[in-house]
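Read through the structure below, which is laid out as structure tokens, and then see the notes.
The values are calculated or read from the model by the stated rules, or taken from the named source; none is laboratory data. Just so you know, these numbers come straight off a predicted model, no measurement behind them. Backbone-built Cβ (ideal geometry, glycine too); neighbour counts: all protein chains shown.
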Amino acid sequence: MPDIASNIISLKQQIPPSVKLIAVSKTKPVSDVLEAYHTGHRIFGENRVQELLSKKDSLPHDIEWHLIGHLQSNKVKYVVPFISMIHSVDTFKLLKIINTEAEKANRVIDCLLQFHIAAEETKFGFNMSEATAIAGSEDFTRLKSVRICGVMGMATFTGNEKQIREEFRYLVGCFNELKLKYFSRNPEFREISIGMSSDYKIAIEEGSTIIRIGSIIFGERK
Ligand SMILES: *Cc1c(COP(=O)(O)O)cnc(C)c1O
């Protein structure tokens, strides 16, 4: 059994106070989340809407929930009323739907643009030309119920540190370029969500402002 409380406490001692820690509780029971919660931690992340909704209802209401996994359009309405940040905005269409649902819920939702930076094939994430096309569009300026707070990415699953570092560095470059060209007057555009259990140290060295950690805190997943 992992000692969740001491895992999260010692992790927090190792990261700079300026880096926000998302405790990723996917696949883990509510009792595990509570163990981390009772150390004083309040920021948790889930990658599936269904799991997030069922956990949220049986946990204290002062938890700040982050959605870090792919979000289907038809599920947006379920998370918008309470979510603190959606890290996984991967299409313009999804961003517009979040905006529409947020307007209905009378909220403004903090979002990150997810980039595809890994070598693995996946359907999810923008490249730089897609992201600039969105940020520079007329349509984008009309979205008043979403707030783009920065970028998110996942490095290749590899032991090659140099490759991981290069992928993170590339994303930080994208962030800087977007900031300069489109978000220079948006102080909220300041988040770089990179770093998981296996690569968070590299991510922090490269400029991460948010790390998303599961296994180190809760133990390996099956
Ligand atoms: C599962 C997951 C994490 C955490 O992974 P660990 O390797 O267990 O730290 C981080 N980000 C995303 C998007 C995830 O799905």
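Things to note:
- Verdict on Ile117 being in a loop (DSSP other than H, G, I, E, B), within 22 Å of Ile22 (Cβ to Cβ), within 14 Å of the ligand (Cβ to nearest atom) and at pLDDT 95 or above: yes
- Within the stretch 163-222, the set of residues being crowded, with 20+ Cβ neighbours inside 10 Å, near the ligand (Cβ under 8 Å from one of its atoms) and closer than 21 Å to Glu120 by Cβ comprises Tyr200, Arg212, Ile213, Gly214.
- For the stretch 134-190, a residue qualifies if it is in contact (Cβ under 8 Å) with a residue 40 or more places away in the chain and of a type in the set (Asp, Glu), and the qualifying residues are Asp139, Glu161, Glu167, Glu177, Glu188.
- Single unsatisfied condition, Gly150 versus (1) in contact with a helix residue (DSSP H, G or I) (Cβ under 9 Å, 6 or more places away or on another chain); (2) surrounded by fewer than 21 Cβ atoms within 10 Å (Cβ to Cβ): (2)
A quick yes/no check of all residues on (1) in contact with a Cys (Cβ under 7 Å, 6 or more places away or on another chain); (2) among the aliphatic types (A, V, I, L, M); (3) under 30 Å from Ser197 (Cα atoms); (4) outside any helix (DSSP H, G or I):
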| site | (1), (2), (3), (4) |
| --- | --- |
| Glu101 | no, no, no, no |
| Cys111 | yes, no, yes, yes |
| Phe124 | no, no, yes, yes |
| Ile134 | no, yes, no, no |
| Gly159 | no, no, yes, yes |
| Gln163 | no, no, yes, no |
| Leu180 | no, yes, no, no |
| Ser184 | no, no, no, yes |
